[in-house]
Amino acid sequence: MQVTAACYLGDWDETERLVRGLATRPQDTEAVVTGAAMRLRLHHCRGEDVAARELASTECREIFASYAGADAIPDLQAALVEVAVLDDDLDLAWTTVQSAWERADKVINEVSELCACTARVIGALRRRGTPPAPDAESDLRAQAAALIRSPMGDRWFALIDAELSGPDGDGSDVGTWQRAADAVALGGVRAHLVPYARYRLAEAQLDAGERDAAAESLAAARASAEDVGVALVTRSCDELAARAGFPSGGPPDGSMPELTERESQVLHLVGQGLTNREIGEQLFISAKTASVHVSAILRKLGVTSRTEAAVLAAHLGGASEAEPDRNATT
C-alpha cells in the first residue's frame, strides 16, 4: 500500500496526504488498521507525544483488540510498542509484543520490525532491573532466524544484536551499536531507525566514557533526524547533549537567530500550517528542499516541531508578514 511505503521512507507529508485519502474511502478492515497505524507513526516520529499517547490509548487499542486478524496489525503493534517504550510503560510494551507473537500468520506478515521492537523491550526491561523470562531472548532469536527472510535481513539482525548487547544484555555495547548504525544506514529499514541507531550509539559511547566519539555520533544522529524529519530523535539528541554538557544549537538568551531570506519565507508559511509539499508549491521549490529549510529553521530556533517554531517566531516577531518572494533563491 502506498501509504505504508511513504511512511517507511519517512515521507511524512505524503504519508499524511495518503492517510487523509484513506479516510475518504470505504472503511474496510485493512484501511481502518493501516490508517490508525500510520497516524500513530506520524505523531510519534514527529515528536507529538500528547497526540500519539492519546491516539494509542484510545482508538489504536480498540482497533488492536477488534481486528486482531488484519494483515496490518503487526505494523500497528510495532507502533504501539514504540509509544509505550517512550512513555516508559514497559509492562504494556511487553504485553503488546507477546500478543503479537500469538498470531498464526507470522510467516506471511512482515515481522522484521516486530523482532527489533521485541529486542528493544527486552533491553529496556533489563535496564530497569526487571528482565523478562530467561528464555525470552533465545525465543526471540529463534523466531527471528526462522521468520526474517527479506534481503535486508542483515540490517534487522544488526539492530536486534545491538538492542540485546552488553554484558547484561541491556543494549550497552558500543561496537555492536556501531555495526547496527552502519548497517541501517545502507537502507532497507524504516527511515526513522537510521537516526535512532546513531543516537543509541552515541548513548553507548557516552556511557563508556568515549565523549569525543559520542559528540560526533550525536551530531550525525541529529543531522540525520533533521533530514528525515524525526523530531522525536532530534529532541532525544538535544536532551542527551544537555546531560553530557555538549553545546546545543538553540537560540542564545531567547533571542531570535538570524534566518536567511528563504528561511524567513518558509517559516512564514509554516506559521500558516502548510506542509512541506504545499510550501514547495508556493515557493516553486521541491518538497525535499522545503524539508531541508524547515530542518534548518528548527535547528536555529532550538525547537523540535513546526508548531513550536511558528509560536516562537510569532512571539519574537521573527516571521515575515510579507508575501513570500517566489523568485528568491532556494
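Table for the structure above
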read-out	value
ARG17-GLU54 pseudo-label distance in nm [points 7 Å out on the Cα-to-Cβ vector]	2.7
Burial ranking of peptide ranges 211-220, 168-177, 263-272 (average Cβ count within 10 Å, highest at the top)	263-272, 168-177, 211-220
Gain upon complete extension [ASP139, GLU62; 0.36 nm per residue less C-alpha separation]	24.9 nm
Over the chain: helical MRE at 222 nm, DSSP H runs n ≥ 4 each giving -39500 (n - 2.57), nearest 500	-20500 deg cm²/dmol
Stretchable slack from ASP71 to SER286, in nm (0.36 nm times residue separation minus alpha-carbon distance)	74.0 nm
Length added when fully stretched, ARG25-ALA208, from 0.36 nm per residue minus Cα-Cα	60.7 nm
Overall dimensions of segment 1-104 as given by Cα atoms, namely Rg and Dmax in Å	12.9, 36
Loop-resident sites, segment 17-64, for trypsin sites (Lys or Arg not before Pro), counting at most 14 other Cβ within 10 Å (DSSP)	none
Of the trypsin sites (Lys or Arg not before Pro) in segment 102-194, those whose Cβ has at most 11 other Cβ within 10 Å and which sit in DSSP loop	ARG149
Computed magnitude of the charge dipole of the chain (debye, nearest 20; Cβ of K, R +1, Cβ of D, E -1)	300
Positive-end residue of LEU283, SER99, GLY209, charge dipole of the chain with Cβ unit charges	LEU283
Leading residue at positive end of dipole, segment 74-209 (Cβ point charges), from GLY129, CYS115, LEU186	LEU186
ASP89 versus ASP182: modelled label distance in nm, points set 7 Å from Cα along the beta carbon direction	3.9
Burial ranking of peptide ranges 113-119, 73-79, 62-68, 236-242 (average Cβ count within 10 Å, highest at the top)	113-119, 73-79, 236-242, 62-68
³J(HN,Hα) computed for each position of segment 63-70 - Karplus, 6.51 cos²θ - 1.76 cosθ + 1.60, integer Hz, glycine/proline x	5, 4, 6, 8, 10, 4, x, 5
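Bear in mind these aren't lab numbers, they're just calculated from the coordinates by the rules spelled out. Values in this document were obtained by computation on a predicted structure and should not be read as measured data. Virtual Cβ from ideal backbone geometry, glycine too; neighbours counted across all protein chains shown.
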